[in-house]
Amino acid sequence: MGAPTTRTHRTQQERREQTREALLDATIACLVELGYARTTVQEICLRAGVSRGAQQHHFTTKAELMATALEHLFDRLIAEVVTAASALPPGRERLIKGIDLLWEAYSGTLSTAAMELWVAARTDDELRGTLLPVDRALGHATLEALRAASEGEPPQTAADAETVLLLTINLVRGLALDAMIGGDAKRRGRLLSEWKSMILTRYPSR
């Protein structure tokens, strides 16, 4: 009896997922390199190696493609943050490391792509309508990631925890914008360090 054959052909579902991922990755690359105004669906399809018909099969509008690409990038980055933070022991150090990881996630490609889309959404009703639920979902996922990082050392009340977490999210997003427009890196570092010191004063050491 001969040796079992190894499957070499991809299933239709695997091909669909690969095409979808290629489109999303190409969209992010275009946003970062070209900006929203110069990002066309034609350029995205060219970079992804996908026909325009195949693209429309996955995403019916440019706005849908853009918003889904941002969510795709965020999901990947936040998964890295959660995985890295969960490998640390519970307590103050994990919380501080979680903030560092969150800053790393927000200060790079995610910040650039998101800003390109939000600036465009100011005058594009369709894009704004598509992005709003995505932005809310991203904020919620970030909040949950920070909650996981702070597990074991909660502030005095749930309301206090919510405030600390939301302030942290908005701080890193603001610092990411500062970095994108060429702000002082040393100043950003000082602000982030000061915020971490302020948070630690709310957590009794063990």
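No lab work stands behind these numbers, since they all come straight from the coordinates. Since this is a predicted model, take the numbers as computed values, not measurements. Neighbour counts run over all protein chains shown; Cβ positions are idealised from the backbone, glycine included.
Observations on the model:
- Candidate membrane-span-like segments in the chain, meaning DSSP H helices with Cα atoms spread over at least 27 Å of their own axis and a Kyte-Doolittle mean of 0.0 or above, are 62-86, 125-150, 158-180, with no membrane implied.
- Maximal additional length on extending the Q56-M180 stretch stands at 41.5 nm, based on 0.36 nm per residue less the C-alpha distance.
- Gaussian network model of the chain, springs between alpha carbon atoms under 10 Å - residue of M180, M66, M115 with greatest fluctuation: M180
- Distance between modelled label sites at R47 and L88, nm, 7 Å Cα→Cβ extension: 3.2
- Among L110, L34, L175, the largest mean-square fluctuation in a Gaussian network model of the chain (Cα springs under 10 Å) belongs to L34.
- Percent of Cα pairs exceeding the 27 Å cut-off, where the set is the chain: 42
- Think of each Lys and Arg Cβ as +1 and each Asp and Glu Cβ as -1; about the Cα centre, that makes the dipole of the chain roughly 300 debye.
- Mean-position separation - Cα centroids, the stretch 12-45 and the stretch 65-110, in angstrom: 22
- Over the residues of the chain, the helix contribution to mean residue ellipticity at 222 nm works out to -25500 deg cm²/dmol, using -39500 (n - 2.57) for each DSSP H run of at least 4.
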